[in-house]
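One structure below.
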Amino acid sequence: MSAPKPHIDGTDITAQFNALYDGPADKALLSAQQKAALQRYDVLLVPGFLTGFYLQIGKFIEQTIDKKDVLNYLREAHEALGELGIKTEQVFLDRQQFNTQASVAVNAARIVQAVQRSAAKGRGVILISHSKGGNDVLAALLKLQSQRKLGQVAGWISVQAGFAGTPIADEIMGNEALSKGAQLFIEGLGGTIDSLSDMTSEACKKTLADHAPVLRRLIKSLPIISFASWKPRPQDFQTLHPDTILAQTRDLMVSRGLNNDGLVPTTSAVLPGTAYIAKLGVDHSEVAMANQPPVLASKLDRKRFLNVLLALILKRLPGPSSQRHK
């Protein structure tokens, strides 16, 4: 059984999300006015930890056995943006340009550079991050705020970040053998162990505490939506056909009384004080890519998911795009 739904510090907009996501399939999620407003922005997808590795494996499988949609990380999100007329170059999905195994500080600097490139072209930026990408974005926004350049970012959608860390990183970094193995693996991918140690509960909570005053100003200044979720272990759980690829880590955290998505506790995924969505039945992987057998197929429509999040952030931006879609 999962723990009771925890108290979350922020404004709960889950009902708004559900109303849009569960609405009529033939009704447009974004109005023509909102779609036009989107064209003013560069929309950047910021991936999570190890995702460059997933993309590399998926590409190899596609090229060698002609099997598509294996580890298709954020592909549907990228396609959904294209269908909305957003042609932003997704530099962070290019393994040659962005190492998802780099530390928060290194990736934050790269995100700042990307935002400033857009600003130099006279374009604002909407950031959509997943997993550790949210921690990278938060560090980038704090840097931009310190430089008085936060206005270059129009809004941010954070999906399943680990703002207060994750017990999974704690477990690995707290075990000498596991941490040494992780270090060798990550360094083999061109990254550093800092990318994992940055996600421990101690490191993340220290970041929140050390920046508390500036974080309050950041949250007041910038439209932000945090998406969090949890996926309880089903009563009819089948070992040969699990409901999530993250069943073992999910169950570990549930045994400690933590609702979680398989990698991140629900409360950790919400930046305190922001508008948030807390969604039952969604794991950490399925928001970004399709499940592969023997894992049960996901019921989440990832393109619709992205459109709903965009509709919700657009309502929070100043100007015509903030008008409700009737």
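Taken together, the values in this text are just the output of simple stated rules run on the coordinates, not laboratory data. Just so it is clear, the model here is predicted, and its values are computed rather than measured. Cβ: placed from backbone, ideal geometry, glycine included. Neighbour counts: every protein chain shown.
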Under a plain spin-label model, where a point goes 7 Å from the Cα along Cα-to-Cβ, how far apart in nm are LEU184 and ASP94?
-> 3.4 nm
Nearest 0.05, what FRET efficiency do HIS7 and ARG217 give at R0 = 30 Å with Cβ-Cβ as r?
-> 0.80
Computed FRET efficiency, Cβ-Cβ of GLN39 and ALA19, R0 25 Å: what is it to the nearest 0.05?
-> 0.45
Can you give me the relative contact order of segment 128-260 as a percent, contacts being Cα pairs under 8 Å and 6 or more apart?
-> 27 percent
In Å, what Rg and Dmax follow from the Cα atoms of segment 214-300?
-> 14.8, 48
Could you order peptides 108-115, 276-283, 222-229 by the average number of other Cβ atoms within 10 Å of their residues, highest first?
-> 222-229, 276-283, 108-115
Net charge dipole size for the chain [Lys, Arg +1 and Asp, Glu -1 on Cβ; Debye, nearest 20] = 1400 debye
Segment 10-315: proportion of alpha-carbon pairs further apart than 35 angstrom, % | 14 percent
Between ALA209 and ASP26, what is the FRET efficiency for a Förster distance of 45 Å, r being their Cβ-Cβ separation, to the nearest 0.05?
-> 0.40
Backbone HN-Hα couplings from phi across segment 23-37 [Karplus 6.51/-1.76/1.60, Hz, Gly and Pro as x] = x, x, 5, 8, 9, 4, 7, 10, 6, 4, 5, 5, 4, 5, 5
Sequence-distant residues sharing a close amide H with HIS130 (under 5 Å, placed H) | VAL46, GLY48, VAL159
Two pseudo-spin positions, 7 Å from Cα along C-beta at LEU280 and at PHE237, lie apart in nanometres by 1.8 nm
With the contact rule set at Cα under 8 Å and sequence spacing of 6 or more, what percent relative contact order holds for segment 176-326?
-> 21 percent
Along the dipole axis of the chain (charges at Cβ: +1 for Lys and Arg, -1 for Asp and Glu; origin at the Cα centre), the most positive-end residue among GLY85, THR207, LEU184 is GLY85
Using Cα pairs under 8 angstrom and six or more residues apart, how large is the relative contact order of the chain, in percent?
-> 26 percent
Give, in whole angstrom and from largest to smallest, the semi-axes √(5λ) of the equivalent ellipsoid of segment 172-219, with λ running over the eigenvalues of the Cα gyration tensor.
-> 29, 12, 5
